[in-house]
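Data first, discussion second: the structure below is written as structure tokens.
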Amino acid sequence: MNRRTWLTRSGGVLWGAPVWPWALSGCAAPRDPVQVALNAWVGYALLHLAAELGYLREREVRLQEFPSNTASMMALVNGQVPAAALTLDELLLVREGGVDARAILVFDESHGADVVLAHPSVIRLSQLRGRRIGVESTALGAVVLAKLLEAAGLSAADVVKVPLTADQHVAAYARREVDVVITFEPIASRLRAQGAQVLLDSTRLPGLILDVLAVRADALPGQPDAWHHLLQGYFRAFGHRQAQPEVAARLMAPHQQVSAEEVTQAFRGITLSDLAKNHAWLGGTQPRLLQSAQMVGRVMHETRLLDRAPDLTSLCEPAYLPEVA
């Protein structure tokens with residue numbers, strides 16, 4: 001499932017978005033239930049598990065499935081939903097576009113799911129000079145490429161960047177149109193089956209590739225109980241998966257459109273953030289998420305995906321997390 005698509009700013013998509021009802025002074029708060037946009041990325045699957053287990057009351061929370069993060073961002077920006085599951089780089093892009101969206105939950109951190117795969121003739125980072133590197137034209141693709149070049153001691157001028165959408169990765173590699181591909185699971189497994197070797201993966205990029213629950217700031221005060229209920233239900237599902245992983249995988253599989261075994265395999269490429277980690281990510285005087293956002297924002301600015309260094313004021317909102325036991 002390709003979660004890593006982003007909302008382009010061409011034509012002012014983010015700017016000039018319509019005003020949503022609850023942003024108007026004196027208007028009523030959004031109607032129940034609060035709505036959360038998400039897609040079939042495994043990192044968001046515990047929300048579906050919470051719903052399946054009855055931990056989310058439909059009168060308070062409703063999950064809305066979208067085909068991609070692009071669609072989820074559009075829904076968030078246009079006021080169709082007050083919350084969306086996004087990657088951190090996507091949240092920064094939305095905020096630059098003028099929407100005050102805040103992270104109230106960190107779902108996961110990529111831990112091997114995002115990977116740089118190379119033809120067997122490229123066995124060391126030093127051999128990247130002059131090579132053709134296939135990468136999506138996304139914020140995340142640019143960030144990983146920048147970190148790859150940094151690790152190799154190279155500049156962008158030292159390699160040939162080949163823009164590819166995710167569905168083109170396997171075919172382009174098979175035709176030798178590229179020597180290296182920046183990709184992610186499950187595409188990575190298909191490339192490995194063709195002999196591609198790992199040069200670098202997200203285990204070496206801590207704090208760089210994160211999934212968060214982004215909520216519009218103006219949607220938070222009107223229904224605090226619903227946001228508390230959402231996060232309580234999420235962490236109950238988190239505990240259920242820890243206690244009964246096989247049962248949880250079977251319940252999540254239909255939403256992922258894969259087998260229970262494949263769900264279990266997909267989770268191995270990410271590190272889920274439990275409640276204690278979420279308090280560290282979002283709370284305290286130095287939230288970990290701010291450090292990650294500074295790093296990601298710097299790379300996005302340097303690669304011109306952001307027009308300016310991101311304003312991280314009030315990026316983190318820990319108030320709706322349950323207390324740590």
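Overview of values
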item	result
Counted residues, the stretch 66-81 - those being in contact with a Leu (Cβ under 9 Å, 6 or more places away or on another chain), open to solvent by 10 Å² or more (accessible area, probe 1.4 Å) and in contact (Cβ under 8 Å) with a residue 40 or more places away in the chain	2
Cross-chain or 6+ apart pairs with Cβ under 9 Å, the stretch 228-249 first and closer than 9 Å to residue 47 by Cα, then open to solvent by 70 Å² or more (accessible area, probe 1.4 Å)	233/57; 237/52
Subset tally (residues that are open to solvent by 50 Å² or more (accessible area, probe 1.4 Å) and either of a type in the set (Ser, Thr, Tyr) or without any contact (Cβ under 8 Å) to a residue 60 or more places away in the chain (or both)) for the stretch 291-318	8
Condition broken by residue 288, with the remaining ones in (1) basic (Lys, Arg); (2) free of Cβ contacts under 8 Å to residues at least 60 places away in the same chain; (3) crowded, with 20+ Cβ neighbours inside 10 Å satisfied	(2)
Residues of the stretch 155-174 satisfying the condition of being within 23 Å of the chain's Cα centre (by Cα), in a loop (DSSP other than H, G, I, E, B) and of a type outside the set (A, V, I, L, M, F, W, C)	165
Filter result for residue 218 (of a type in the set (Asp, Glu), in contact (Cβ under 8 Å) with a residue 12 or more places away in the chain, in contact with a helix residue (DSSP H, G or I) (Cβ under 6 Å, 6 or more places away or on another chain) and closer than 23 Å to residue 47 by Cβ)	yes
Failed criterion for residue 253 (all others in (1) touching a residue at least 24 places away in the same chain (Cβ under 8 Å); (2) closer than 30 Å to residue 189 by Cβ hold)	(1)
Scope the stretch 112-127; condition surrounded by fewer than 23 Cβ atoms within 10 Å (Cβ to Cβ) and not β-branched (Val, Ile, Thr); matching residues	112, 119, 120, 121, 124, 125, 126, 127
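The values are calculated or read from the model by the stated rules, or taken from the named source; none is laboratory data. Because the structure is predicted, anything quoted here is derived from the model rather than measured. Cβ atoms come from the backbone with ideal geometry, glycine included; neighbour counts cover every protein chain shown. Each accessible area value is taken on the protein alone, full model and side chains, heavy atoms only, with ligands, DNA and RNA left out. Shrake-Rupley method; radii C 1.70, N 1.55, O 1.52, S 1.80 Å.
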